[in-house]
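> Dropping the structure in here first, questions after.
The values are calculated or read from the model by the stated rules, or taken from the named source; none is laboratory data. Just so it is clear, the model here is predicted, and its values are computed rather than measured. Every residue, glycine as well, gets a Cβ built from its backbone with ideal geometry; the counts of neighbours run over all protein chains shown. Surface areas here come from the heavy atoms of the whole protein model, side chains and all, with no ligands, DNA or RNA. Shrake-Rupley method; radii C 1.70, N 1.55, O 1.52, S 1.80 Å.
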Amino acid sequence: MLVLSRDCDTAIRIGPNIKIKVLSIRKQRVKLGVDAPSSVRVWREEIFPEVAGNDPSAQPTASSSPRQQHLSVLVVEDDPEHCELIRRTLSQCVSSTARVASTGKLAMEALGGPNGSGLVEKPPQLVLLDLCLPDMPGLEVLRWIRAHDSLQTMPVVVLSADHGDATVTSCIEAGANAFVGKSVGYREFSESVARIAQFWGGYCRLPKATLETPA
Amino acid sequence: MGQHTILLAEDDPDHQALILRAIEETGIPCRIDVVENGSELIDYLFAPPQSDDREGGGTPELILLDLGMPEMDGFQVLQVLRRVRDDGRSVLAPVVILTASDNADHAREAYRLGANSYVPKPTGFAELTEAVARIVKYWLVTNHGPPADRSDPQYPGVQSI
């Protein structure tokens, strides 16, 4: 049995270059990690000894790996086939709700936009934005989003068939969080969307959808 | 060609070791430069090298930034980077916060200051390895970063566009 003090944060050396390290003490559980060179085979990577405690309600959080969160996504895309592919891939990869806007104006409206009654209180957690829209450039939608305080922290991933340096640079300057090129092939495009979903819907922490209270 | 450069800002030597190993395990060829606090990171990006100890120089394609660091923390780094960006002096590599804090306010503040993404360090070793692998694969392979301008490698990051 391994006894650890509550604030133990040191590593226990168990051999040359091999250490057991306390990674966290939370909710009556101690998480240990083995820090060893890759030549050492680690048979058991995590040990969870019970820590003496009298809180019966403390139960291990059954967070799967990676932790899943429900992802609300606004998909701004006019091509119906791409829309369908994105929606399907998102739902296959993560628990998600996708809302589609097929024009720049509809995207703004979905966020409580220009003619709406004010910005939505709970903006989506992620926006997938196509640059080529029928009524206005996607870049304009991005600039409109970033011009609003309450939408500033909402991650925007640009999806575009045009991934030339100038386009990427202007999107990043306008405040895009990420830029993913649209592949020509159906399968490659679907894989890119899957990677987006797995990254943003997996380990990543998205800002809580809350409105800043104006000062 | 084919080798990526990652700048890791992390003060805890154990976390450094775990992250380096996790990146190595992805099999993606990377050079990883490690700095241990915010001011070293700013020096790395913007100060002309005093000597040749920083081989190659160059702009990193990805910055992994811890929030809790001595001297200058991750939030202060983000503030400096944002000022540089706002001045139009440079378009920087994506900054992914990789931190022990899973605090919603910290995440919101980091996004507000311009972090591209925020990943709380998972507590288990296997999960941390998996998370780092996902970060590296996503940002180096799937994502298109700003074009690397290597015309003046002496002054990485500070280029007029």
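> Could you check the simple spin-label distance between B:Asp87 and B:Phe46, using points 7 Å along Cα→Cβ, in nm with one decimal?
Reported label-point gap for B:Asp87 and B:Phe46 is 0.5 nm.
> With a ≥ b ≥ c taken as the square roots of the eigenvalues of the C-alpha gyration tensor of the stretch A:68-133, please select rounded if a/c is under 1.5 and otherwise prolate if a/b is larger than b/c or oblate if it is not?
Note, shape of the stretch A:68-133 comes out oblate.
> Still on this model: Expressed in nm to one decimal, what extension gain is obtained for the pair B:Arg112 and B:Gln79 from 0.36 nm per residue of sequence separation less their Cα-Cα distance?
Extra length available between B:Arg112 and B:Gln79 comes to 10.9 nm.
> To the nearest 10 square angstrom, how much accessible area does B:His106 have with a 1.4 angstrom probe?
70 Å²
> Excluding A:Asp79 itself, what net charge comes from residues whose Cβ is under 13 Å from its Cβ, given Lys and Arg +1 and Asp and Glu -1?
Values: positive: A:Arg87, A:Lys182; negative: A:Glu77, A:Asp78, A:Glu81, A:Glu84, A:Asp130.
Summing Lys/Arg as +1 and Asp/Glu as -1 gives -3.
> Something else about it: What residues of the stretch A:133-177 lie in the reach of a label at A:Asn115, counting those whose backbone N is under 20 Å from a point 7 Å from the Cα along Cα→Cβ?
In the stretch A:133-177, the label zone of A:Asn115 (backbone N under 20 Å from the point 7 Å along Cα→Cβ) covers A:133-138, A:140-142, A:144-145.
> Also, quick follow-up: Quote the FRET efficiency, to the nearest 0.05, computed for B:Glu71 versus A:Ala166 with a Förster distance R0 of 41 Å and r equal to the Cβ-Cβ distance.
FRET efficiency, B:Glu71 to A:Ala166: 0.65.
> Across bins of 10 angstrom width beginning at 0, how are the C-alpha pair distances of the stretch A:71-200 distributed, in whole percent?
Result, from short to long distances: 13, 49, 34, 4, 0 percent.
> Can you give the local net charge around A:Gly116? Use residues other than it whose beta-carbon is closer than 13 angstrom to its beta-carbon, Lys and Arg +1, Asp and Glu -1.
Here the charged neighbours net out to -1.
> Between beta-carbons, use under 13 Å as the cut-off and find the net charge around A:Ala101, counting Lys and Arg +1, Asp and Glu -1.
-3
> Between B:Arg31 and A:Glu188, what is the spin-label point distance in nm, taking each point 7 Å from the Cα along the Cα→C-beta axis?
With each label point 7 Å from Cα toward Cβ, the separation is 2.8 nm.
> Per residue, how much accessible area does the stretch A:71-200 show when a 1.4 Å probe rolls over the protein heavy atoms, in square angstrom?
42 Å²
> Could I ask something else about it? What does the structure give for A:190-199 when I average, per residue, the other chain Cβ atoms found within 10 Å of the residue Cβ?
Counting other chains' Cβ atoms within 10 Å and averaging over A:190-199 gives 3.
> Let me ask something additional. Quick one: Karplus J couplings for the stretch A:192-205, per residue in order, coefficients 6.51, -1.76, 1.60, θ = phi - 60°, nearest Hz, x for Gly and Pro?
4, 5, 4, 5, 4, 4, 5, 6, 6, x, x, 6, 5, 9
> Mind listing the phi-derived Karplus ³J(HN,Hα) values for the stretch B:31-45, rounded to whole Hz, using 6.51, -1.76 and 1.60 with θ = phi - 60°, and x for any glycine or proline?
9, 10, 9, 10, 10, 10, 7, x, 5, 5, 5, 5, 4, 4, 6
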